[in-house]
Amino acid sequence: MKGIVFTEFLDLVEEKFGLEVLDKIITQSNLESGGIYTSVGTYNFSEMLQLLQHLSAHSGISIDDLLLVYAEHFFGVIETSYPGLLATYKDPIEMISSIENHIHIEVRKIYPDAELPTFEVVEKTDNSLVMIYKSSRAMHHFGLGLMNKTFEHFNSTASIVLEKIKEDGTEVKFLINKN
């Protein structure tokens with residue numbers, strides 16, 4: 001997993017929960033990196049999972065809900081760091097449906113060894129989208145949060161339903177209907 005995902009997560013934890021909580025979840029975790037990350041480095045997903053589990057235990061907030069909040073934070077990073085990417089699109093459905101064939105291609109240019117989830121468009125209209133998310137990391141709520149922020153970015157709203165195809169969350173169907 002790319003380091004930017006870790007560095008931004010730690011920034012969010014410090015901002016929302018404080019330096020003491022950040023230090024506590026790093027100390028509680030068995031991190032090969034020692035909790036020291038660079039945005040361009042690559043780290044084991046198990047480290048992110050440990051940090052999320054310890055933050056969840058400390059805060060009483062579910063991992064899925066933490067991933068939603070983190071996605072909202074991360075979308076802000078995308079807006080600030082890659083405004084040209086967002087400016088390419090005029091509509092949230094168009095942007096979300098292009099994750100696999102455009103956005104992830106651009107991400108791989110910056111981070112060639114990034115292990116990204118796959119998003120398969122099953123059905124698309126001007127106002128709706130059905131996609132299948134696949135990832136061994138089961139971070140579908142991170143994807144959901146990014147989708148929510150995409151609609152907000154375009155001053156739009158949507159109903160997004162998430163259906164687990166596999167119980168462990170490694171394969172999920174997103175049913176998106178623009179309001």
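Does anything in the stretch 135-179 have its amide N under 13 Å from the 7 Å Cα→Cβ label point of Thr125, and if so which residues?
176-179
Length gain on complete extension for the stretch Glu79 to Val161, per 0.36 nm per residue less the alpha carbon to alpha carbon distance?
27.1 nm
Along its three principal axes, how long is the stretch 40-91 when you only count alpha carbons? Whole Å, largest extent first please.
The Cα atoms of the stretch 40-91 stretch 39, 26, 15 Å along their principal axes.
Would you calculate, for the chain, the mean residue ellipticity at 222 nm contributed by helices, counting each DSSP H stretch of 4 or more residues as -39,500 (n - 2.57) and dividing by all residues, to the nearest 500?
Numbers: 8 runs with 91 residues, N = 179.
My calculation for the chain gives -15500 deg cm²/dmol from helical runs alone.
Assuming R0 = 22 Å, can you tell me the calculated FRET efficiency for the pair Asp65 and Thr27, based on Cβ-Cβ distance, to the nearest 0.05?
On the way: r = 23 Å, r/R0 = 1.05.
Efficiency computed from Cβ-Cβ geometry: 0.45.
Rounded to whole Hz and in sequence order, give me ³J(HN,Hα) for the stretch 147-154 from the Karplus expression 6.51 cos²θ - 1.76 cosθ + 1.60, θ = phi - 60°, writing x for Gly and Pro.
5, 4, 5, 4, 4, 4, 4, 8
When the Kirkwood hydrodynamic radius is evaluated over all pairs of different C-alpha atoms of the stretch 66-157, what value in angstrom, to one decimal, is obtained?
On the way: mean 1/r = 0.0733 Å⁻¹.
Kirkwood radius, the stretch 66-157: 13.6 Å.
Could you tell me the relative contact order of the stretch 84-147? Use alpha-carbon pairs under 8 Å, at least six residues apart, and round to a whole percent. The partial results should precede the final answer.
Numbers: 48 pairs, mean separation 16.4, N = 64.
Over the stretch 84-147, the number comes to 26 percent.
Work out how much length Glu100 to Glu14 would gain on full extension: take 0.36 nm times their residue separation and subtract the Cα-Cα distance, in nm to one decimal. Present the calculation step by step, with values, prior to reporting the outcome.
On the way: separation 86, 0.36 × 86 = 30.96 nm, distance 3.15 nm.
Taking 0.36 nm per residue and subtracting the Cα distance, the gain is 27.8 nm.
Just the C-alpha atoms of the chain: what Rg/Rh do they give, with Rh taken as the Kirkwood radius? Could you put the intermediate results ahead of the total?
Working: Rg = 16.3 Å, Rh = 17.0 Å.
In the chain, Rg relative to Rh is 0.96.
Around Phe9, under 11 Å between beta carbons, what's the net of Lys plus Arg minus Asp minus Glu among the other residues? Present the calculation step by step, with values, prior to reporting the outcome.
Numbers: positive: Lys16; negative: Glu8, Asp11, Glu14, Glu15, Glu47.
Taking every Cβ under 11 Å from that of Phe9, the sum is -4.
Compute the length gained on full extension between Asn177 and Ile110: take 0.36 nm times their separation in residues and subtract their Cα-Cα distance, giving the result in nm to one decimal.
Going from the current span to full extension adds 21.0 nm.
Every number here is computed from the coordinates shown, using simple stated rules; none is lab data. It should be emphasised that the depicted structure is a prediction, and the values quoted were computed from it without experimental measurement. For neighbour counting, all protein chains shown are included, and Cβ atoms are generated from backbone atoms with ideal geometry for every residue, glycine included.
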